[in-house]
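Nothing in this text is a laboratory measurement; each read-out follows from the coordinates by a stated rule. None of these values were measured; they are calculated from a predicted model. We place every Cβ from the backbone using ideal geometry, glycine too, and count neighbours over all the protein chains shown.
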């Protein structure tokens, strides 16, 4: 990491020098030197353009009454009508609150979980044991959400696994999914179970980049295991952690609707109904493209603001930001 | 690093607005330069095509080499082991009978059919005919945008059999629903002949337990409660059903004289012609009291809200359910499960509860009219000449001969008539290696819905004896869909206003009503609950619906 930083600095110093000669000539020279590399970038650029930039003008339909037959350009303008509708909705505030609660709690409990797993795995001596744990913990990632939710529903039913355990300890059986106090724990724990192994891969990769000599030096200085973790391992993966944290904060408002819709019940709407599931239910009343786009656009704008803020805060605190 | 930010931003934007991708596709389509649906429609048949006089029937097969494309949702489709329509006896036989070759198109298996349908209209190349659930509201838009033909002038001439059916006084309600408010016809509709074909779900009960407990078949809600209590006491079994919409409550409502579900906001028309929702009817409170009491006493399976079909089957098999509300197919499975298990369980159909013996039941989950809601429309990318061929082709299904072919295939091949003149499937269908269901797909076109009449005889021939007797019990002395509000055609502004107000109302109802059932809030809250509905703008919604309903009834 340190080596890389040095190199990067060296490059940027050189670049600074070139910049004095003018950006254009630098680019031209760089292009001549790395023709093939530029060529290799082209397909990606085309892909990015086709699938990321080109569809963006579709945002227009948030301000129009979209009619498929007329197309995006010719649909009539309605201004902010769909945004106003969303904010006028009596459930607007609740949807916000639930969306933020679910993603906030996921962040609080779900984000540190893979880091912990990675740290624990890093301390394991037996390679075989480490491999087995890794493989086993990845597995749930490959199970489809629908299947996971089916399992949860079965386990939470009044004659399901969890209730049998509760009954064995003298509790009374009930359907756990109908209880609104249990919705967040069920949602978040199952999320962690599904994602912990997969998400820890990136941290394990970062861990393997830490210079082993630092550990040796620490051992000679008499640092114990815990001190090594706190003073070498954690600082070593901190840039990765902060970057992923920023990204995660950027998506605070986008709670996927699939899992919610598969798990919630009208009795748990109060805590479980999020923006995307509400828009989904409304969409059922007939292809409400414009309304869905308006809410999605608003979501995205708030997300970008959150992302930029998180990035700034991270930089202020001396950590590397995204840009 | 900058690119990374850009990427992230776009990823977020895209994730947040899944619908934008769709919007983008919409951008490509070039506009139809003309609007033949409404303009040319003024004077049809004046350019050399009027050789057929009004109502004159033509003989099939037609002498034509026209090929028409037909997007039929995922209905009228091929059996699983048939690859092309040429290999499908029904589809290839239809070409021989009508003389018209159809280029069949279906939504890709496993894809989202609704989305496929929406995208269809965005495409530059439309099929000649489209079969889908097309509301009158949507038809109005499609006509205005010049995407489909106005068939008002064409139907009497080129689809005389369908036209005759529509104008039969017995089909007055259906004609009204098939027509836009200004008298425009836009489609060839799809029909189920009678109640029998529409009834698809109801309750079944453990008759052997009833006998053991010396109880009669329950009629009123009081009887039901007694039976459920006895089942609970003697067998620790209860009333079980599935699906988040508590469909079963429609049946329970029937026993109080109310109509509609406890937790779903559905429009109904009361005896005085007022548009209402069940929640504001006086009987609603009584229904909620009963449901809450049953829930508290454990007479209702507490998993009913999250149950799947399989879970209900399991519960029935494990003898923890004494009454089950389910689709006829599931009920049939439950009966077969019990037979295979050999536990002596005897499930039989039981009628929905009534307010008193002899009174009709109000709810069997049927539509307002016998129209299924599905329609075949003809797109404006079809020339007038092809339009006429298309209508004649569609009309074949409404001739006596065509009706039998669509419902049963060829006599002597896929069906024979028994002594009573009722069609019965032959071994070719019932003995199909993939089961009778797939066998029917090979020889008939009405397995789901089609732009023809699905005959009652078709349902009777398909149902096993058990399902047949269940269905007949469920439809015994019922008002059927008499209190349902027909699908109305709202203006754009009114539709917008209605959707805006209606979404929070439905959310509130499904949430609060279930809280009352599960005892989280007391049932005495019903009055406050109804007040809140009016605060959310219920009156305006009802007024909108009422206004259009009144106009509709005057048509």
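If you average the C-alpha positions of the range B:439-463 and of the range B:510-542 separately, how far apart do those two centres end up, in angstrom? Between the Cα centres of the range B:439-463 and the range B:510-542 lies a distance of 42 Å. Could you tell me which of rounded, prolate or oblate describes the range B:321-393, using a ≥ b ≥ c as the square roots of the eigenvalues of the alpha-carbon gyration tensor, with rounded for a/c under 1.5 and, failing that, prolate when a/b is larger than b/c and oblate otherwise? It is oblate, given that a/c is not under 1.5 and a/b is not larger than b/c. Stretching the chain fully between residue A:169 and residue A:211 yields a gain of 10.2 nm (0.36 nm per residue, less the alpha carbon separation). Indicate the gyration tensor shape class of the range A:206-252 (rounded, prolate or oblate), computed on the Cα atoms with a ≥ b ≥ c the square roots of the eigenvalues: a/c under 1.5 is rounded; otherwise a/b larger than b/c is prolate and the rest oblate. Cα axes put the range A:206-252 in the prolate bin.
If contacts are Cα pairs under 8 angstrom and at least 6 residues apart, what is the relative contact order of chain B in percent? For chain B, the relative contact order is 22 percent. When shorter helices are ignored and each DSSP H run of at least 4 residues is given -39500 (n - 2.57), the per-residue value for chain B at 222 nm works out to -13000 deg cm²/dmol. Every pair of different Cα atoms in the range A:159-275 enters the Kirkwood calculation, which places the hydrodynamic radius at 18.1 Å. Would you mind classifying the range B:91-205 by shape? Square roots of the alpha carbon gyration tensor eigenvalues, ordered a ≥ b ≥ c; an a/c under 1.5 is rounded, otherwise it is prolate if a/b is larger than b/c and oblate if not. Rounded. By the beta-carbon count within 10 Å of each Cβ, the least crowded to most crowded order of B:249, B:399, fewest first, is B:399, B:249.
What separates the Cα centres of the range A:83-147 and the range B:361-437 is a distance of 51 Å. For the listed peptides B:194-204, B:116-126, a ranking on the average number of other beta carbons within 10 Å per residue, highest first, reads B:194-204, B:116-126. The mean sequence distance of close C-alpha pairs (under 8 Å, at least 6 residues apart), as a share of the length of the range A:80-316, puts its relative contact order at 30 percent. Pair-distance distribution of the protein assembly as shown: all C-alpha pairs, bin width 20 Å, starting at 0; shares per bin in whole percent are 12, 37, 35, 14, 2, 0. Put in order of Cβ neighbour count within 10 Å, fewest first, the listed residues B:494, B:386 become B:494, B:386. Descending by average beta-carbon neighbour count within 10 Å, the peptides B:461-469, A:31-39 line up as B:461-469, A:31-39, the highest first. With Cα atoms defining each centre, the range B:176-202 and the range B:87-136 are spaced 20 Å apart in the structure. Taking the convex hull of the alpha carbon positions in chain B and averaging its projected area over all directions gives 31.2 nm². Within 10 Å of the Cβ of each residue in B:114-127, the mean number of Cβ atoms contributed by other protein chains is 2.
The mean count of C-beta atoms from other chains within 10 Å of the C-beta of residues in A:294-303, rounded to a whole number, is 4. Remark: A:63, A:83 ranked as A:83, A:63, counting other beta-carbon atoms within 10 Å and listing the fewest first. Rg of the Cα atoms in the range A:80-316, relative to 2.2 N^0.38 Å, amounts to 1.22.
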